[in-house]
Amino acid sequence: MIYSYIRVSTNQQSVKVQLDEIQRYCDLNHLSIDESIKVEISSRKDLRERKIDELLSKVKDGDILIVTELSRLGRNTGEVITLIDTLIKMNVEVRILKQNLFIKSKDPMNKMLITILSMFSEFERDIISQRTKESLQNLKD
């Protein structure tokens, strides 16, 4: 089975962009998505609310999970690493399109890349959050 996981943070964003990107990838590689899990929720919500638990209950040995980027799985570095590690232990291949990562097994290089890319995503989220808070504070003053 081939799954896609699509998450957007706000209702101003659309899952269509990620759906289109995954569909283009599948068309180019002669693949077909069997099931898409789509969520419109902040990455700060728990795994159940983001349907990560649902995803983990569905995937099986030999399945493929396609996401557009690591930050869709989670914004916390530790959480992303744990999730990828869980999927690898389940023998699920994870394809992360924007980072061009295809993870099939435990490999020190993949682990390093996932850690670094997750850290950048977390840093980016923190900077955006800080700027938003500062802007809101400036509006109050």
Karplus-derived 3J(HN,Hα) from phi for the range 56-64 (6.51 cos²θ - 1.76 cosθ + 1.60, θ = phi - 60°), whole Hz, x at Gly and Pro, runs 5, 6, 8, 5, 9, 3, x, 6, 10
For Asp53 and Lys111 in one chain, what is 0.36 nm times their gap in residues minus the Cα-Cα distance, to one decimal in nm? 18.7 nm
May I ask you to derive the FRET efficiency for Met90 and Glu69 from their Cβ-Cβ distance with R0 = 30 Å, giving the value to the nearest 0.05? 0.90
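Below 8 Å between Cα atoms, with a sequence gap of 6+, how large is the relative contact order for the chain in percent?
Working: 192 pairs, mean separation 31.8, N = 141.
Relative CO of the chain lands at 23 percent.
Of the listed pairs Lys58/Lys111; Lys16/Lys58; Lys51/Lys140; Lys16/Lys104, which have alpha-carbon separations greater than 32 Å here?
Cα-Cα > 32 Å for Lys51/Lys140; rest within.
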Nearest 500 deg cm²/dmol is fine: what mean residue ellipticity at 222 nm does the chain get from its DSSP H runs of n ≥ 4 alone, each adding -39,500 (n - 2.57), divided by its residue count? -16000 deg cm²/dmol
With all pairs of different alpha carbon atoms counted, what Kirkwood hydrodynamic radius in Å does the chain show? 15.8 Å
If the label point is 7 Å along Cα→Cβ of Phe120, which residues in the range 65-79 have backbone nitrogen under 13 Å from it? 69-71
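Bear in mind that the values in this text are calculations on the coordinates, not laboratory data. Keep in mind it's a predicted model, so treat the numbers as computed, not measured. Every residue, glycine among them, receives a Cβ derived from its backbone with ideal geometry; neighbour counts consider all protein chains shown.
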